[in-house]
Every structure is written in C-alpha cells, then in structure tokens.
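Undergrad: One structure, as structure tokens, below. Some questions next.
No value in this document is a laboratory result; all are computed from the given coordinates. On a predicted model such as this, the values are computed, not experimentally measured, just so you know. Methodologically, a virtual Cβ is constructed for each residue, glycine included, from the backbone with ideal geometry; neighbour enumeration extends over all protein chains shown.
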Amino acid sequence: MQDNITKILKAIADPKRREIFHALVIASSALSITQISGQFEISRQGVTKHIKTLQDAGLVDITAKGRERFCVADARPLEKITEWAKFYERFWDKTLNDLGTFLDNNES
Amino acid sequence: MKDVIRKEHSFNYPIQKVWDAISKADEISSWFVKADFEAKSGYAYTFSSLEEDCPKITGVVKHADPFTLIYTWIVEGTDIETIVKWELTENDKGTKLVLEHSGISNYPENSAVTFFSSFDTGWNGCIDKLETFLPQQIHAR
C-alpha cells in the first residue's frame, strides 16, 4: 500500500520545493524546467530533482513538448492534509475550552 | 507543514486537578466524551459518543505517569493509529498543558478520505458539545 500522505509531507518539507511549488501555483500557465531554473538560480539538474519529488507526491504534472518539459501545479493532494489539520485544530481548541469550563465549574 | 498539531493552554488550577480531569474516567466523561479509561500503561480504552451510531475512538495508553499522558487514537472504521499526548507542567499561573496530536502520515490516501467523510457525519454531530463549531467547519470549506 502506497503511503501518499507521507510523500506529500516529504515533498513540502523542503523550503526550496515549497518555493518552486508556490511559483507553479501562482503562474497561470505551465512553466518549463528551463524557466524554473532561471527563476530560482539553481541548476537544471537540481530543479529536475525537486520537480520529480513533487511529481511523486502528485503535486506537479509534467508534460513533454518537443525537448522541453512543462510543469503544472496540482494543489489537490494538499487538501487531505489541511482537512485533517483543520478538523483537529478546531476539535482540540474546542476540547481545551471545554476542559477550562469544566475546571471552572468544578472548583472545590 | 508538519505531521503534528500542537496546542498550548494555561489553566489557573493546580496541576493535580487538571491531571485528574484528563486522566479519570468519570471526569473525562463529564467534560469530554463518555470514557472507559484508566491512566495505566497498556490499558485499552474506549471513548464512545452519546449516540449509538457514531464512530468510537479506541486506543491503548502508552504512558501515564503524572503529568504526561500518551495514548494511541484510532477512529472506529479505520485502522490507522495516531497519537495524542497531554503534557502538564506547573507554571506561575497554575498549569500549562501542551497537547500534541500526531500521525496524519500514517493515513494512506484512501483511508484519509474515508476518515474525513465518517468524521464529518459522525463525531461532528455526535458529541453534543461540538455542535457550536460544526457550522463553522462546514462553511470553512
């Protein structure tokens, strides 16, 4: 069984990859590997490696046109993580407030 | 983004009182959720919600020395284990609680989806005290 969420967390754990991903998200069209390396002043090889990790996590789609490869961001995989986090953020906030109320009412 | 949710909260009460509230079954049952619980390492606990058709939370107590309580947290219908840790320390106000919930990375993709859908229709409506935040949760999407 493939653990995709681990891949996603791994993919976005690296600040440089987050920057690349962010750049792809705000770009309204696909960016080529060449364009990305130009923007980040890292080697083409380095970009390719980061893109591969993002692709493995499902965060980037790559299409080849001629000799160049174009990358598009796909933020959907992140939703699973943010939903989990959002649910439990609220859940625990509420729970700790309830604990506070309980302690207030239970003064002895 | 990390694989952990962390909450800090201070309570103006002695550490033993807060400890009792989070570790004694009758107290947990009165403010949180109906609990079959013992703060004893190895104890297999159950948190049931008030209505019958709601998913239960089960798990095993991993650590229960005052004032640190750690247990696994498994939502019924999934077999994915996450970890909840309550850590109490005394401070000038009374007691500081640090709560950590970790383990989302244990969810394979599909079970995470199942998990959310069961939770949305399940526990959200099950614990009566959660009612107030349910609407926000839905509209936040």
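Undergrad: Under 17 Å between alpha carbons, and skipping anything fewer than 8 positions from A:Lys10 in its own chain: which lysines qualify?
TA: A:Lys49, A:Lys52, A:Lys80, B:Lys2
Undergrad: Moving on. Report, in deg cm²/dmol and to the nearest 500, the calculated mean residue ellipticity at 222 nm for chain A, where each DSSP H run with n ≥ 4 adds -39500 (n - 2.57) and the sum is divided by the residue count.
TA: Only helices count here, giving -22000 deg cm²/dmol.
Undergrad: What are the ³J(HN,Hα) values, in whole Hz, obtained from phi via the Karplus relation 6.51 cos²θ - 1.76 cosθ + 1.60 with θ = phi - 60°, for each residue of the stretch A:35-44 in sequence order, with x given for Gly and Pro?
TA: Going residue by residue, I get 4, 5, 4, x, 5, 10, 6, 10, 5, 4 Hz, with x marking Gly and Pro.
Undergrad: How many nm separate the modelled label positions at A:His22 and A:Thr48, each set 7 Å beyond the Cα in the direction of the Cβ?
TA: In this crude spin-label approximation the distance works out to 2.7 nm.
Undergrad: Could you give the nm distance between label points at A:Thr6 and A:Gln39, where each point is 7 Å from its Cα heading toward the beta carbon?
TA: Label at A:Thr6, label at A:Gln39, 3.1 nm between them.
Undergrad: Also, I was wondering about something else. How much net charge surrounds A:Trp92 when only the other residues with a Cβ under 12 Å from the Cβ of A:Trp92 are counted, with Lys and Arg +1 and Asp and Glu -1?
TA: Summing Lys and Arg as +1 and Asp and Glu as -1 gives +1.
Undergrad: Also: Take peptide B:13-21, look around each residue's Cβ out to 10 angstrom, count Cβ atoms belonging to other protein chains, and average those counts.
TA: Whole-number average of other-chain Cβ neighbours for B:13-21 is 2.
Undergrad: Kirkwood hydrodynamic radius for chain A: how many Å is it when counted over pairs of different Cα atoms?
TA: Mean inverse Cα-Cα distance, inverted, gives 16.1 Å.
Undergrad: Quick one: which of A:Lys94/B:Lys93; A:Lys86/B:Lys56; B:Lys56/B:Lys85; A:Lys7/A:Lys65 span more than 30 angstrom between C-alpha atoms?
TA: Among A:Lys94/B:Lys93; A:Lys86/B:Lys56; B:Lys56/B:Lys85; A:Lys7/A:Lys65, the Cα-Cα distance tops 30 Å for no pair.
Undergrad: Provide Rg and Dmax in Å for the stretch B:10-78, with only Cα atoms included in the calculation.
TA: Rg and Dmax of the stretch B:10-78, Cα atoms, are 12.5, 38 Å.
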